[in-house]
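A short worksheet on the structure shown next.
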Amino acid sequence: MAKIAVIGLGAIGSVTAAALEQTGQHQLFLCTRRPLAGLQVETPAGVITVQGSNLTEPSQAAPVDWVVIATKAYDAESTATWFAGLCGAQTRGAVLQNGVEHRERFSPWLAAERLLPVIIDCPAEKRSDGSVLQRAWARMAVEQTPLGQQFASLFHGSGAITELTSDFTTAAWKKLCLNAQGALSAITKLPNRVIAVPGMEAIALDMVQECAAVGRAAGAAIEEEFPAQVIAGAKAAAPEGVNSMLADRLAGRQMEIDARNGAIVRFGQRLGVPTPLNAMAAALLQAVQNA
Ligand SMILES: NC(=O)c1ccc[n+]([C@@H]2O[C@H](COP(=O)([O-])OP(=O)(O)OC[C@H]3O[C@@H](n4cnc5c(N)ncnc54)[C@H](OP(=O)(O)O)[C@@H]3O)[C@@H](O)[C@H]2O)c1
């Protein structure tokens, strides 16, 4: 049994809390900015009602074994306000966010050796506070280290699949390749079928190629054929499916521009790899977000 605090009960935090609940092993603390009347997640195995203590103020928190961070990348600073209460000498932190800068993002507050970056792949949508639809089991990738193994063991007995990888850099950059072309949906306000708009497939492929080139320069082992596979996956996706960046734009929320296309551009500049399409995507998204 572990004491686990989940910070951010949106789509990913709720899915993760439901998986931890499914194990029947843990004591959960659900950290939100508003009171949560209850939490129900419609999973592939039916509805899971999460039984956890809802904390709405960092001052209510006491040290736990694990802090699971499931806020958006741009909310790092407000997320960190929870750490003083939740983190004791032995507390470990798992960052379930997109991008490739999990450690850098939280390094001002959490020691690197107790911080675990997690890549999570899970089609999930928050319907309202306390209600989340999870369309498939979560797949997570973590480093093959003692910390990664401890994290994976938290989910034994749940539907979540946690893979231990000796090459997390590659896993993270491959996920960023998938996210790179997702910007086209947010720019055009079109769901996954944006890829079928004439001319769009070639642009999407070039965006992914840029990301793959930057990733390789950063040490990721991304195969030559991977970008084409990403585009094949995009073409096979449910035409009306909405990625999280488009969902954020449609809901008038901030988008994770900097952690995704912005990161590709920043790493590209640092490593001498040109990224004109991702730079344009980031600039266009920033413009519509500021409008
Ligand atoms: N959704 C997906 O299918 C998916 C798939 C893979 C990866 N991801 C990644 O997973 C991460 C989380 O995404 P998401 O889709 O779960 O986002 P989300 O649905 O927007 O959920 C984020 C939650 O964090 C809460 N939050 C923000 N700051 C907080 C704070 N200081 N204290 C407590 N709660 C706080 C927000 O609450 P408020 O309501 O108060 O703003 C919101 O409920 C992102 O990096 C995303 O890219 C998402």
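The values are calculated or read from the model by the stated rules, or taken from the named source; none is laboratory data. Treat the numbers as computed from the prediction; the structure is a model and nothing was measured. With ideal geometry, Cβ positions are generated from the backbone for all residues, glycine too; neighbour counts draw on all protein chains shown. These accessible areas exclude ligands, DNA and RNA; they are computed on the full protein's heavy atoms, side chains included. Shrake-Rupley method; radii C 1.70, N 1.55, O 1.52, S 1.80 Å.
Say a site is exposed when it is one of the trypsin sites (Lys or Arg not before Pro), sits in a DSSP loop, and has at most 16 other Cβ atoms within 10 Å; what is then the longest site-free stretch of the chain? Walk me through the numbers before you get to the answer.
On the way: sites that count: 33, 135, 189, 253.
Segment 34-134 is the longest.
Among 168, 275, 262, whose Cα sits farthest toward the positive end of the charge dipole of the chain (+1 at Cβ of Lys/Arg, -1 at Cβ of Asp/Glu, about the Cα centre)?
262
Based on alpha-carbon centroids, what's the gap between the stretch 19-35 and the stretch 99-133 in Å, whole number please?
Comparing the Cα centres of the stretch 19-35 and the stretch 99-133, I get a distance of 15 Å.
Computing the accessible area with a 1.4 Å probe over protein heavy atoms, can you report the carbon and sulfur percentage for the stretch 150-291? The partial results should precede the final answer.
Numbers: 3720 of 6380 Å².
Reported share for carbon and sulfur atoms: 58 percent.
Rounding to the nearest 10 and keeping the result within 0 to 90°, find how far the Cα-based axis of helix 168-188 lies from the longest principal axis of the chain.
70 degrees
To test your reading of the geometry: what angle, between 0 and 90 degrees and rounded to tens, separates the Cα axis of helix 200-217 from the longest principal axis of the chain?
70 degrees
Relative to the longest principal axis of the C-alpha atoms of the chain, give the angle of the C-alpha long axis of helix 276-290, reported between 0 and 90° and rounded to the nearest 10°.
60 degrees
Could you tell me the calculated FRET efficiency between residue 240 and residue 165, based on Cβ-Cβ distance and R0 = 41 angstrom, to the nearest 0.05?
Details: r = 32 Å, r/R0 = 0.78.
Given R0 = 41 Å and the Cβ-Cβ separation, E is 0.80.
Any idea what the dipole of the chain comes to, in debye rounded to 20, about its Cα centre with Lys/Arg Cβ at +1 and Asp/Glu Cβ at -1?
420 debye
Using a Gaussian network model of the chain whose springs link C-alpha atoms within less than 10 Å, name the residue from 185, 14, 153 with the highest mean-square fluctuation.
Of the options given, 153 has the highest mean-square fluctuation.
Just to be sure I understand: with springs between alpha-carbon atoms less than 10 Å apart, which residue in 134, 269, 22 has the highest mean-square fluctuation in the Gaussian network model of the chain?
Looking only at 134, 269, 22, the biggest GNM fluctuation is shown by 269.
Describe numerically, in nm with one decimal, the distance between label points set 7 Å from Cα along Cα→Cβ at residue 251 and at residue 62.
3.2 nm
Leaving out ligands and nucleic acids, note down the accessible area per residue over the chain with a 1.4 angstrom probe, in whole Å².
Numbers: 12730 Å² over 291 residues.
Heavy-atom SASA per residue in the chain reads 44 Å².
Would you check the chain for Lys pairs whose C-alpha atoms are within less than 18 Å, ignoring same-chain pairs closer than 8 in sequence, and give me the count? Kindly include the intermediate steps, with their values, before the conclusion.
Values: 72/126; 72/175; 174/235; 175/235; 189/235.
For the chain, qualifying lysine pairs total 5.
Compare the Cα positions of 131, 148, 9 along the charge dipole of the stretch 3-165 (+1 at Cβ of Lys, Arg; -1 at Cβ of Asp, Glu; about the Cα centre) and return the one farthest towards the positive end.
Ranked along the dipole, the leading option is 131.
At 0.36 nm per residue, and after removing the present C-alpha to C-alpha distance, how many nm does the segment from residue 133 to residue 107 gain when stretched out fully? If you can, show how the numbers build up before the last one.
Values: separation 26, 0.36 × 26 = 9.36 nm, distance 3.19 nm.
Between residue 133 and residue 107, full extension yields 6.2 nm more.
Quick one: among 196, 61, 180, which has the greatest mean-square fluctuation in a GNM of the chain with alpha-carbon springs under 10 angstrom?
Its mean-square fluctuation being the largest, the pick is 196.
Enumerate the calculated ³J(HN,Hα) couplings along the stretch 12-19 in order (Karplus 6.51 cos²θ - 1.76 cosθ + 1.60, θ = phi - 60°), each rounded to whole Hz, writing x wherever the residue is Gly or Pro.
With coefficients 6.51, -1.76 and 1.60, one gets 6, x, 5, 4, 5, 4, 5, 5 Hz.
At 25 °C and 0.890 mPa s, grab the translational diffusion coefficient of the stretch 86-175 from Stokes-Einstein with a Kirkwood Rh over Cα pairs, rounded to a whole number in µm² per second. Spell out each step's value before the answer.
Details: Rh = 14.1 Å.
The calculation lands on 174 µm²/s.
Please state the Cα pair-distance histogram of the chain with 10 angstrom bins from zero: what percent is in each bin?
For the chain, the binned pair fractions read 6, 29, 36, 23, 6, 0 percent.
How high is the relative contact order of the chain, in percent, counting Cα pairs under 8 Å that sit 6 or more residues apart?
Working: 554 pairs, mean separation 44.8, N = 291.
About 15 percent, as a whole number.
DSSP loop GluC sites (Glu not before Pro) in the stretch 184-255 with at most 10 other Cβ atoms within 10 Å of their Cβ, which ones? Could you put the intermediate results ahead of the total?
Details: sites: 201, 210, 223, 224, 225, 240; in loops: 223, 224, 225, 240.
Passing sites in the stretch 184-255 are 224, 225, 240.
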